[in-house]
Amino acid sequence: MRGHPDTLRLASKSFVGRPSRCYLTAMTTDTRTLRSDEPLALELTAALKQGGVERLGRLLVADPGLADCVVVNSSGGGRSLLHLFADWPGHNPNPAAIVRMLAGAGADLDRPASGMWHRETSLHWAASNDDVALIDALLDAGADIEHAGSSIDGGSPLSCAVGYGQWAAAWRLVERGAGTLLWHEAALGLMPAVTQRVEADPPPQPAELSGPFWNACHGGQLQAAQYLLAHGADLNWPAPWSGQTPLDVAEQAESSDVVAWLVGKGAAHGKKSP
């Protein structure tokens, strides 16, 4: 099972809009599956977690087609071998060699998790773990940077990186060409993009700026926060997924300059603050 418990993941969401739907993704009938407690699955998992290139190579040579199998746990959740490699806490050794080996042996780089409440790919999981080396390895091998399925908002891996505050991953995805939304841009302080959206004709309604404002505070982006508040964002907007206000999340993120500014503005804590 993933290292991020679902309750923690839901509480830490920082997207704009409704929560992602509860997807129970089915596998195709021709997908090979292994139970997670089978000896072969245990051997594969150990090889992947150790970054054992030679060990993994021997397993793949001995069993053609294994690279694209799905390992199913006792709860029915299915993960590809790339998911197993990317799984929390990530940062396993030899990411470039492991990804090249699996891709070369037929692994689907964009296979989503199955039997879970989201459709995240291994790239989503690398983004959630701030695993920049694995992000680069997956993208270099041809993974889709815009693949939908994030547990944050149903969107791309960038939503996972920004939503879970994995800033190195977020910046790498943007550097590699990921498309951005206003809430991403606010969280990263991409002011030219923020101002272009806010000053468009017609402009977004003030209520549409409160989520991006919250994200700017989450990301420690003082200039973006000041700009969005000046254009009508709600100073004390409570995030629907956690009840946290901008002040709460700025304190959680230890963004001292944003916290000081918010306090000076009279910002309040939320009723559901942890």
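Any read-out appearing in this document is the output of simple, stated calculations on the displayed coordinates, not a laboratory observation. Quick caveat: nothing in here was measured; it's all calculated off a predicted structure. Reconstructed Cβ throughout: ideal geometry from the backbone, glycine too, with neighbour counts over all protein chains shown.
Packing-based ranking of 153-159, 217-223 yields 153-159, 217-223, ordered from highest to lowest mean Cβ neighbour count within 10 Å. For segment 105-169 and segment 196-274, compute the distance between their C-alpha centroids and round to whole Å. Between the Cα centres of segment 105-169 and segment 196-274 lies a distance of 26 Å. Its relative contact order, with pairs defined as Cα atoms under 8 Å and 6+ residues apart, puts segment 184-264 at 29 percent. Helix 95-104 and the long axis of the chain differ in direction by around 60°, with both axes built from C-alpha atoms. Using C-alpha pairs under 8 Å with a sequence gap of at least 6, the mean separation divided by the residue count of the chain gives a relative contact order of 16 percent. Which ³J(HN,Hα) values in Hz, rounded to whole numbers, follow from the phi angles of segment 211-219 under the Karplus curve 6.51 cos²θ - 1.76 cosθ + 1.60, where θ = phi - 60° and Gly and Pro get x? Values, residue by residue: x, x, 4, 4, 5, 4, 5, 4, x Hz.
Each peptide in 126-136, 248-258, 63-73, 79-89 receives the mean, over its residues, of other Cβ atoms within 10 Å, and ordering these scores from highest gives 126-136, 79-89, 248-258, 63-73. Here's the picture: charge each Lys and Arg Cβ at +1 and each Asp and Glu Cβ at -1 in the chain, and of GLY270, CYS69, GLY211 the one pushed furthest to the positive end of that dipole is GLY270.
Classify segment 164-241 from the C-alpha gyration tensor, please: rounded if a/c falls under 1.5, else prolate or oblate depending on whether a/b exceeds b/c. Judged from the Cα gyration tensor, segment 164-241 comes out oblate (a/c at least 1.5, b/c at or above a/b). Using the rule -39500 (n - 2.57) for each DSSP H run of four or more residues, divided by the residues of the chain, the 222 nm mean residue ellipticity is -12500 deg cm²/dmol.
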